[in-house]
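> Mind looking over this structure? Questions follow.
No value in this document is a laboratory result; all are computed from the given coordinates. Note that the structure is predicted; figures quoted are calculated from it, not measured. Because the Cβ atoms are built from the backbone with ideal geometry, glycine has one as well, and the counts that use them run over all protein chains shown.
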Amino acid sequence: MGNMVESTPFEEKPSLGNLSILTKVDKLRELIGTKVALPQLVVVGDQSSGKSSVLEGLTNFGFPRDAELCTRYATQITCRREKEEIINVSIIPHDEASAGEQARIKKFYRSLKAMTPESLAEVFTEANEVMGIKSSTKATLPDGTTLPAFSEHILKIEKLGPDENHFTVIDVPGIFRKETEGITTEADIELVRNMVKKYMKDPRTIILAIMPSNVDPATQEILKLAKEADPLMTRTMAVLTKPDLAIERVMQQIAIDHVNGKRGDLVLGYYIVKNRGPDDAHKTLKQGQADEKKFFSESPWSSLRNTERAGMEALKKRVRDLLTELIKKEFPKLKTDVARELSTLKSDLNKMGPSRDHQDAQRAYLNKICQSFQALVRDALNAYYAGNKIFAERHDLRLITRIVEMNEIYSDTMLAHGHTRPFSSDSIPKEETVSRISTPVGSADRARRAPKPDDGTYPELEEILDDSLEVIEDVSDEDDIMDYIARVYRDSRGQDLGTFSNALVSTMFKEQSKNWKNITLDYVKRVIWIVHHFIFEAIKESCPDERVRDELWNGFLLEELQKAYREAISRVMFLLEVEHDGQPLTLNHYFNDALQRAQSGRLVDAIKELGSETSIRAPEGSTNKYENGIFLTHAQLHNLSFNMANSEHVQEYMHDILKSYYKVSRKRFVDVVCQQVVNYDLLHGKCNPLKIFNTEMVLELTDEQLDAIAAEDIPVKRRREKLERDISSFQEAWKVLKGSG
């Protein structure tokens, strides 16, 4: 029969316990083999290294020798003891393939009556076509697209029968280094290399590295790749092939030394087998094994007789024992991995929400996003940072804390730099003394300030947060406020008797507070940046679907947000206009109190200058017997006067009124800006930007708008379908692990 395969004598049956575990792992491999690492044996090596012959010996069936049918994809070969003899061939689709392609690939199924090189060659040819791999007769598609030489799908060959031993091995394409014109390319070389590395890297994989005996193993690239994946070389076993080609005595001894453990660093060691050569194609596997036995009985190979590492039978027994031991060791961990992955898959699907193939589902999906967003807003405004883990990871999203910081900086900056000229003999009252920093908002303190509007983070804000503030001429340090008041008085006085026009107060106040505009606009724009940044990141956190998020943001939210920000800026300008262009007005008693204190201060200064210091007896009950005071005679008291010109007196009075009114107005203005612009317009008001994305907005969307925002696009549908398939597979796998599958 030429290439007909004969089974080896019936080997010792595995125990019932081992058989049960081995059977479960095979079922797991069918269900989740491409998604969770399973204990497995992978055969790797260069093209023409003898991989096919080793597989023949391990599985007891021959592979086609046609060069065009050499391994172009991973092949999973499973042998299992069953009552009836069955040979099934199918394809396991690549995990990243589309649902349509997966369905098409899964339709491929062949049942063979006998496992011969001829029958396998026919199956391989059909499988290549289904996977879309190029051949000598078909290299391109009708549209001119070049077909690939390799595929990431997996060919599955399952051989069941009463004489089979439970065993699974995966064969991957052989590494090659030169492209073949019209068949392989440089990209294919890298693809195969990466495929081999992928299969070797998992710690649950036993690596069977195949190398010819006529080369020194120390020079073989496959061992270098194995060491990258298995640094301690504890799960790598080397198999030396083609010892009959090692003609030189030196090469023979190198091979023998490796098998004897005198060379190399593999914990599992080296084995050696003799392949059927090209001239042995007519021989059966049984005849080949007889030739192998005879070969190793002759010198110099006979020295390996007692090593139990020479010949296919020794290799077969060892790899099956290793695989069984590995499966028993890793089986408990598989339960943990499957449970964890199933939980992750369900969580990912839950994040996507229900399928959005109709308006009700789309509206419910947007409402869920909206509720999640508003929950973040509520927690951020209430400083409830334990409500969501994002606040622990992202302090920039602690909204109300950032706003409070900006409020403090604004108030401090207005106190320190709001006035154009320092007031005469100005000292900050105790109640206004601050321990906080008092630097201009323009200085760089990124820990407490939002980035400048022109930092490029949000281009959509550039027009609104235009950084071109009004240019204000610096006032010379030598330009004293009293000199300024004197100029204003001289240029505006009429025939007044010790008085001045109320318009002068308005003129002076406008000059003294001209810094307010720039300071306030800078503050409000930074607050807008903080609010906008929070909204953008909160939407991102609440809506995992990038397409939905972009459509919602750019198509429906951004325009309304920009409108809200412009209204906040407009209110600032309105408040500035009221303060600067309106008539000075206050009903605050602090104005008269401050004015009287200023006037009293001048009187006290005059008394101190006219009188003399003295000590007088302290009132009864005082801790001190004497206390310091000012002594005036009756004549001095009657002659008490400020001894100044009428204009000087008026100018000092003008200064005191301006100073008193400025302080009242500054405090009032800072409070109003913080309350109306920030708290109302930007944080808590009816139309504030944080409330734009709400359930009312979702309810008002038309069916067309809903579909444009929330309908699932093809990638999302594919992801949902894949998650649902994977969940189904892992649920079945969990049943298998629990023993109910």
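> Counting other C-beta atoms within 10 Å, which of Ile409, Ile630 has the fewest, and how do the rest follow?
Ile630, Ile409
> Let me ask something additional. Could you line up Phe693, Phe509 from fewest to most neighbouring Cβ atoms inside 10 Å?
Details: Phe693 26, Phe509 18.
Going from least to most buried by this count: Phe509, Phe693.
> For Ala37 and Asp466, what is the calculated FRET efficiency with R₀ set at 56 Å and r taken between the beta-carbons, to the nearest 0.05?
Numbers: r = 56 Å, r/R0 = 1.01.
The pair Ala37/Asp466 has a calculated efficiency of 0.50.
> Further, regarding this structure: When the dipole is taken about the Cα centre of the range 143-293, and only Lys, Arg (+1) and Asp, Glu (-1) are charged at their Cβ, what size is it in debye, to the nearest 20?
Values: 21 positive and 24 negative charges, 116 e Å.
Dipole magnitude for the range 143-293 comes out near 560 debye.
> Points 7 angstrom from Cα along the Cβ direction at Ala97 and His580: gap in nanometres?
For the pair Ala97/His580, the computed spacing is 7.1 nm.
> Moving on to the next point. If R₀ is 25 angstrom, what is the calculated FRET efficiency for the pair Cys687 and Glu393, using the beta carbon separation as r and rounding to 0.05? Please report the intermediate quantities before stating the final value.
On the way: r = 31 Å, r/R0 = 1.23.
Between Cys687 and Glu393 the formula returns 0.20.
> Taking loop as defined by DSSP and a crowding limit of 14 other beta carbons within 10 Å, which GluC sites (Glu not before Pro) in the range 261-342 fit?
Within the range 261-342, the qualifying GluC sites (Glu not before Pro) (loop, at most 14 other Cβ atoms within 10 Å) are Glu298, Glu308.
> Which pairs in the list Lys197/Lys346; Lys159/Lys293; Lys159/Lys329; Lys83/Lys316; Lys27/Lys738; Lys368/Lys540 are over 19 Å apart, alpha-carbon to alpha-carbon?
On the way: Lys197/Lys346 30 Å; Lys159/Lys293 26 Å; Lys159/Lys329 26 Å; Lys83/Lys316 22 Å; Lys27/Lys738 13 Å; Lys368/Lys540 14 Å.
Where the Cα-Cα span goes over 19 Å, the pairs concerned are Lys197/Lys346; Lys159/Lys293; Lys159/Lys329; Lys83/Lys316.
> I would also like to ask the following. Within the range 174-212, report the GluC sites (Glu not before Pro) that DSSP leaves as loop and that have at most 11 other Cβ atoms within 10 Å. List each step's numbers first, then the result.
On the way: sites: Glu179, Glu181, Glu186, Glu190; in loops: Glu179, Glu181.
In loop regions of the range 174-212 (DSSP not H, G, I, E or B), the sparsely surrounded GluC sites (Glu not before Pro) are Glu181.
> Another one. Kindly flag which residue pairs out of Lys198/Lys351; Lys156/Lys283; Lys51/Lys138; Lys35/Lys198 have an alpha-carbon separation exceeding 19 Å in this structure.
Lys198/Lys351; Lys156/Lys283; Lys51/Lys138
> Taking the inverse of the average 1/r across all pairs of different Cα atoms in the range 84-195, what Kirkwood radius in Å do you get?
For the range 84-195, inverting the mean 1/r across all distinct Cα pairs yields 15.8 Å.
> Now for a different question. Percentage of Cα-Cα pair distances in the range 236-373 greater than 21 Å, rounded to whole percent?
Above the 21 Å cut-off, the range 236-373 has 62 percent of its Cα pairs.
> Could you run the Karplus curve 6.51 cos²θ - 1.76 cosθ + 1.60 with θ = phi - 60° over the range 479-492 and give me ³J(HN,Hα) per residue in whole Hz, x for Gly and Pro?
Once rounded to whole Hz, the list reads 7, 5, 5, 5, 5, 5, 5, 4, 5, 4, 5, 4, 7, 10.
> Find, to one decimal place in angstroms, the Kirkwood hydrodynamic radius of the range 333-405, where the mean of 1/r is taken over every pair of different Cα atoms and then inverted. Before the final figure, lay out each step's value.
Numbers: mean 1/r = 0.0669 Å⁻¹.
Averaging 1/r across every pair of different Cα atoms and inverting gives 14.9 Å.
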